[in-house]
Each structure stands twice: as C-alpha cells, then as structure tokens.
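The values are calculated or read from the model by the stated rules, or taken from the named source; none is laboratory data. What you see is a predicted model, and the numbers here were worked out from it, not measured in a lab. Virtual Cβ from ideal backbone geometry, glycine too; neighbours counted across all protein chains shown.
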Amino acid sequence: MLSKNIICLWYDGAALEAATFYAKTFPDSTVDAVHRAPGDYPAGKQGDVLTVEFTVMGIPCLGLNGGSGVKHNEAFSFQVATDDQAETDRLWHAIVSNGGKENVCGWCQDKWGLSWQITPRILSAAITDPDQAKAKRAFDAMMTMGKIDIAAIEAALKPL
C-alpha cells in the first residue's frame, strides 16, 4: 500500500532500473513493489512495468513509466548530506560512472536525468555560518567545484 505522501518520479520505461540502482547505491533504500500495467497505455503494453514503489534514503517514491513526454530537470533534486570525503566520492562517482553527468557545486545528474546534490555536512554548516566572512570564503570555494572537495572547504574556513 502506498504511503499517504509519496514522491512520484516519471521515467521513460526505466523506473525499475532506476529504483534498483538507487537501492544498491544509497543507504536506507529499497525496491518495495513492482506493478505491471493491467492493459495497454500510451507508453506501453499490458504486462509492462507501469509503476515501481521504492524508497530512497528513507523517502517513499513511486517510479512511473509514463513515457518520453516529461523530462526531469534541476527544479527537483535529492540532496544527500555526506559525512566525509569517502562517502562524497563514492556517491558522486556511483551516479556519474553509471551514465550520469557532472554538474557544479556538488550537483550531478543520473542517467535518467534526475538531479542529485551530494553535499558534505561541513559545506552546509560553512555556508550558513554566522561569521559572514567565513561563510563567503566557503561559498566562493564551492562555486569553483564540481564534486565538493572537503579539504578545500576546510582550508577556506581558516582565517586569512
């Protein structure tokens, strides 16, 4: 049974592939149920995977194989708080090396077009630091990065 609140993500026939990738890549993630179409529909035939219930980092989602008419964009993204460089690198590389692409400031996009922000906790704390000079140095450092480099953020936090 679906959760009361769920995020529905549109795919062009790859909802199960995407859900399986997320389940193996992110902690607290699972593929929960696969539902096949009871009849033909514009993007598929009876028996095709229509929806996939899955969980990404504890967030209930529904993958809908709705066809090619709708594309993901940066207006929706998963933000993943990481604890260290190893976790940041692992998640970033998992997404990018599986047909995804790099973006800026900790953002990347998976091969299905869904955006991810792989954000070390230290970066989030740094750019919201009450010391505006410190926050600006960290922010300026972040603006030069693709994947976030924690050592560079830490260096930017040190007094000049």
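Worth pointing out:
- Residue match in region 24-34 (condition: in contact with a Gly (Cβ under 8 Å, 6 or more places away or on another chain), at positive phi, exposed (fewer than 13 other Cβ atoms within 10 Å of the Cβ) and at pLDDT 95 or above): yes
- Scan of region 2-23 for residues that are on the phi < 0 side of the Ramachandran plot and in a loop (DSSP other than H, G, I, E, B), ordered by number: LEU2, SER3, LYS4, ASN5, ILE6, ASP12, ALA14
- Filtered by the rule that a residue be among the charged types (D, E, K, R), part of a helix (DSSP H, G or I) and touching a helix residue (DSSP H, G or I) at 6+ places or on another chain (Cβ under 8 Å), region 99-136 gives a lone residue, LYS134.
Quick grid of which residues meet (1) of a type in the set (A, V, I, L, M); (2) surrounded by 16 or more Cβ atoms within 10 Å (Cβ to Cβ); (3) more than 29 Å from GLU154 (Cα to Cα):
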site	(1), (2), (3)
ASN5	no, no, yes
ASP12	no, no, yes
PRO38	no, no, yes
ALA43	yes, yes, yes
PHE54	no, yes, yes
CYS61	no, yes, yes
GLY66	no, yes, yes
LYS71	no, no, yes
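- Out of ASP12, ASP84, ASP32, one residue alone is charged (D, E, K, R), assigned by TED's automatic domain parsing to the domain that holds ARG121 and over 14 Å from the mean Cα position of the chain (by Cα). It is ASP84.
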